[in-house]
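Asker: The structure follows.
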Amino acid sequence: MKQRLQSILFFLSALLTGVLFFMPMVSYLDEYGTYYKLFVYGINTVSLAPGVELPFSAVYTLPLLILAVVVILINFYISFSIFRAVKLQQFVRLFKFSRINIAVNGVLIATIFVYYLMKTGAPIAAAPSFRWPSWGVFIPLVTMIMMLIASSGLKKDIDKVRSIDSQRQLSKEFVRQWLITHDFMNETGQVMPE
């Protein structure tokens, strides 16, 4: 099983999502020279003109913050739980968590691209800019790819364990049928056939 690779991918996904707290997702530059940076936790400004007010409330990016924290927590949970999983049911539960995490990350991506990129520039009359260091908008896309790869690895491991279990059951049944055909009923004094 490739538990180590899957665990590393989930762990790296959590770390990359955590980078969103330090790297702006997108930047805006308005006509007055005010530079706006959209982070997961809010919008920062660098202004050449004094007294520039933000046209956004303090909770404007709260959905981004909540979604990013949920993605980070689920990724950490999965990456640390993979090594403790022994039973098939535990792997199935982790696979379900990974699918939930992929869905939450998809909502994060949709929220960023559909809502925040379009709506943030309107009140400040500025277009989004993706120049360095404002590449944070692409981080959820990279983490989505990593989570899909790790989740598909989990699914392959689950299928492999299920096929081994079914083969084990088949081999037990084969031995039982062979013993019955050779009239062995495990009675006292009966000798096992060769």
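A short reminder: the numbers here are calculations on the coordinates, not readings from a lab. Treat the numbers as computed from the prediction; the structure is a model and nothing was measured. Methodologically, a virtual Cβ is constructed for each residue, glycine included, from the backbone with ideal geometry; neighbour enumeration extends over all protein chains shown.
Asker: If you wrap segment 51-194's Cα atoms in a convex hull and average its projection over all directions, what's the area in nm²?
Answerer: 14.4
Asker: Turning to a different aspect of this structure: What's the tally of Lys pairs in segment 47-166 whose alpha-carbon atoms lie under 30 angstrom apart, where the two lysines are 8 or more places apart or on different chains?
Answerer: Close lysine pairs found across segment 47-166: 7.
Asker: Any idea which of 167, 185, 154 is furthest toward the positive side of the dipole for segment 154-194, if Lys and Arg beta-carbons carry +1 and Asp and Glu beta-carbons -1?
Answerer: Comparing the listed Cα positions along the dipole, 154 ranks first.
Asker: Restricting to Cα atoms and excluding each atom paired with itself, what does the Kirkwood estimate give for segment 48-96 in Å?
Answerer: Evaluated on segment 48-96, it is 14.1 Å.
Asker: Something else now. Grab every C-alpha pair in segment 1-52, bin the distances at 5 angstrom width from 0 up to the longest one, and report whole percents.
Answerer: Computed distribution, short to long bins: 5, 18, 17, 14, 12, 9, 8, 6, 5, 4, 2, 1.
Asker: Report, in degrees rounded to the nearest 10, the 0 to 90 angle that the Cα long axis of helix 3-19 makes with the longest principal axis of the chain.
Answerer: Rounded to the nearest ten degrees, it is 10.
Asker: Then there is this: For the chain, calculate the relative contact order in percent as a whole number, restricting contacts to Cα pairs under 8 Å that are 6 or more residues apart.
Answerer: Relative contact order for the chain comes out at 31 percent.
Asker: Can you compute the helix-only [θ] at 222 nm over the chain? Use -39500 (n - 2.57) per DSSP H run of at least 4 residues, normalise by all residues, nearest 500 deg cm²/dmol.
Answerer: Helices in the chain give a 222 nm mean residue ellipticity of -19000 deg cm²/dmol.
Asker: Report the convex hull volume per residue for segment 68-115, counting only C-alpha atoms, in Å³.
Answerer: Cα convex hull per residue, to the nearest whole number: 47 Å³.
Asker: Same structure, new question: Whose amide H sits under 5 Å from the amide H of residue 39, counting only residues 5 or more places off or on another chain, with H placed in the peptide plane?
Answerer: 25, 44
Asker: Angle check, please: helix 139-181 long axis (alpha carbons) against the longest principal axis of the chain (alpha carbons), in degrees 0 to 90, nearest 10.
Answerer: 10
Asker: Give me the base-10 log of I(q)/I(0) for segment 1-115 at each q in 0.12, 0.21, 0.23 Å⁻¹, Debye formula, one uniform scatterer per Cα, rounded to two decimals.
Answerer: -0.54, -1.10, -1.23
Asker: Between 0 and 90 degrees, rounded to the nearest ten: what's the tilt of helix 62-81 against the longest Cα principal axis of the chain?
Answerer: For helix 62-81, the angle is close to 30 degrees.
Asker: With contacts defined as alpha carbon pairs under 8 Å and 6 or more residues apart, what's the relative contact order of segment 83-194 in percent? Walk me through the intermediate numbers first.
Answerer: Working: 33 pairs, mean separation 36.3, N = 112.
Reported relative contact order: 32 percent.
Asker: Less than 18 Å from a label point 7 Å out along the Cα-to-Cβ axis of residue 87: which backbone N atoms in segment 1-30 qualify, by residue?
Answerer: Nothing falls inside the zone, counting backbone N under 18 Å.
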